[in-house]
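These notes are about the structure you will find just below.
None of the figures in this text is laboratory data; all of them are computed from the coordinates on show. Given the structure is predicted, the values throughout are model-derived calculations rather than measurements.
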Amino acid sequence: MNKKLLFSMLGLFAVGLVSAGYLVNSLVITTDVMEPFNVQYAIMGDAGNYVSGDCKDATNWQDAGSIDVGGLYAGESRKICTKIVNAGEGEIDYTFFAEATAGGNDCADAFTAVSVEAVADGEKTSYSGILANVDDGAAPADNCQLTLSVTRGSNSD
């Protein structure tokens with residue numbers, strides 16, 4: 001009796017499993033992933049030790065490229081700003097980063113890598129600023145290059 005009941009129930013379970021997995025319809029969405037950020041950079045002021053000011057007030061915005069600022073003396077700073085226009089609707093974490101990437105060890109010793117983490121609100125303009133400081137004990141060095149970069153997305157693991 002138990003075997004007959006068992007086989008009957010197995011038959012019902014098999015029919016239930018087959019009918020539960022029957023696909024009636026589906027939808028496929030095709031889309032592109034677009035870059036939401038338009039990034040520009042500015043250096044505040046033209047004095048050798050300019051550290052104050054609001055990046056929103058900068059007027060000399062430019063796209064990525066290269067700028068020769070002449071020379072900076074040991075102990076001087078420049079405020080470097082970034083303006084990010086977020087074309088997307090979502091909030092996006094980003095990091096604005098500056099580090100010496102060329103010029104040898106003297107340049108790397110003269111400029112400490114700095115970064116700032118922030119959030120770009122959807123469909124708005126965000127501003128961030130960092131200070132590029134020349135260490136007051138820095139040795140003279142030629143052709144130091146500071147690379148400024150913006151990376152988007154969460155940096156936390």
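What the table shows:
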{"quantity": "Rg over Rh, two decimals, region 37-152 (C-alpha only, Kirkwood Rh)", "calculated": "0.99"}
{"quantity": "Integer Hz, Karplus 6.51/-1.76/1.60 couplings in order for region 33-40, x for Gly and Pro", "calculated": "9, 9, 6, x, 9, 10, 10, 9"}
{"quantity": "Rg over Rh [alpha-carbon atoms, Kirkwood Rh] for region 112-157", "calculated": "1.07"}
